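The values are calculated or read from the model by the stated rules, or taken from the named source; none is laboratory data. All values reported here derive from a predicted model rather than from experimental measurement. As a convention, Cβ positions derive from the backbone with ideal geometry for all residues, glycine included, and neighbour counts pool all protein chains shown. Each accessible area value is taken on the protein alone, full model and side chains, heavy atoms only, with ligands, DNA and RNA left out. Shrake-Rupley method; radii C 1.70, N 1.55, O 1.52, S 1.80 Å.
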Amino acid sequence: MSVLPLIFTSGWASGINAYAVVLLFGVFGATGLTDEVPESLQRTDVLIVAAALFLCDTVADKIPYIDSVWDSVHTVIRPVSGALVGALLAGQSGSLPEIAAGAVGGSTALVSHLVKAGARMAINTSPEPFSNIFVSTAEDLGVAGIIAFAVFHPVAAAVIAGTLLVLGIVTVAFLASRIRRFLRRRAQRRAEKRLATGAPPAL
């Protein structure tokens, strides 16, 4: 079960930026900093694709409203990525069944993603764009720091990731009214767009 803290941490990080997790693990493994990373994540083609998608994520995640659209698209991608990374890590270590590892990584990534998406909805109720840039940058740096820390201190990193996850859930619950306001505004904009184009109202 020694790999479980690393799987949990990678799941939390995948829910925020799945491409960064794949890229960082791949680089750490390819450079010989750790033996925990499976060879499939160290492949050159995987690293190139992960780097390209990470750059796309970095840009989209800092633009108001575009970030929420990006989050919607990744509601499936991030949990699946967390599950796959978890299963690969378990397969590499042999200390945890891959199905169980995938379930831990995927479910943790899903909760983390929902927290991130909810927080972004709340932030997007603010008219200025700087909060999006600040939060997105903090998320990127946090993911990089936690994953790097987890490679060498997996248990301590898992404790930090779990604490951040709980704090995120509490924060999103506190911002529930702002999230509802964002959803109302989005529904209103869609309705206005349908009226402008003459499309029938949604059922």
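Being in contact (Cβ under 8 Å) with a residue 60 or more places away in the chain and of a type in the set (Ser, Thr, Tyr) is the filter; apply it to the stretch 127-162 and report the residue that is most open to solvent (accessible area, probe 1.4 Å).
Thr137
Might you let me know whether the stretch 16-32 holds any residue that is in a loop (DSSP other than H, G, I, E, B) and either of a type in the set (S, T, N, Q) or open to solvent by less than 20 Å² (accessible area, probe 1.4 Å) (or both)?
Looking through the stretch 16-32, at least one residue is in a loop (DSSP other than H, G, I, E, B) and either of a type in the set (S, T, N, Q) or open to solvent by less than 20 Å² (accessible area, probe 1.4 Å) (or both).
Quick one: is Phe134 hydrophobic (A, V, I, L, M, F, W, C) and within 20 Å of Cys56 (Cα to Cα)? Give the derivation first.
Details: hydrophobic (A, V, I, L, M, F, W, C): yes; within 20 Å of Cys56 (Cα to Cα): yes.
Yes.
Of (1) among the aromatic types (Phe, Trp, Tyr); (2) crowded, with 23+ Cβ neighbours inside 10 Å; (3) free of Cβ contacts under 8 Å to residues at least 40 places away in the same chain, Trp70 satisfies all except one. Which?
Only one criterion in (1) among the aromatic types (Phe, Trp, Tyr); (2) crowded, with 23+ Cβ neighbours inside 10 Å; (3) free of Cβ contacts under 8 Å to residues at least 40 places away in the same chain is unmet by Trp70, namely (2).
Select, from Leu165, Leu175, Leu203, the only residue that is at pLDDT 90 or above and aliphatic (A, V, I, L, M).
Leu165
Out of Val76, Val85, which single residue is buried (at least 18 other Cβ atoms within 10 Å of the Cβ) and either touching a strand residue (DSSP E or B) at 6+ places or on another chain (Cβ under 8 Å) or under 27 Å from Val170 (Cβ atoms) (or both)?
When all the criteria are applied, what remains is Val85.
Based on this model, can you work out whether Leu165 counts as assigned to a helix (DSSP H, G or I) and either open to solvent by 30 Å² or more (accessible area, probe 1.4 Å) or in contact with an Asp or Glu (Cβ under 7 Å, 6 or more places away or on another chain) (or both)?
Criteria not met by Leu165.
Hey, Glu36 hits all of (1) of a type outside the set (Gly, Ala, Ser); (2) open to solvent by less than 70 Å² (accessible area, probe 1.4 Å); (3) closer than 17 Å to Ala158 by Cα but one; which does it fall short on?
(2)
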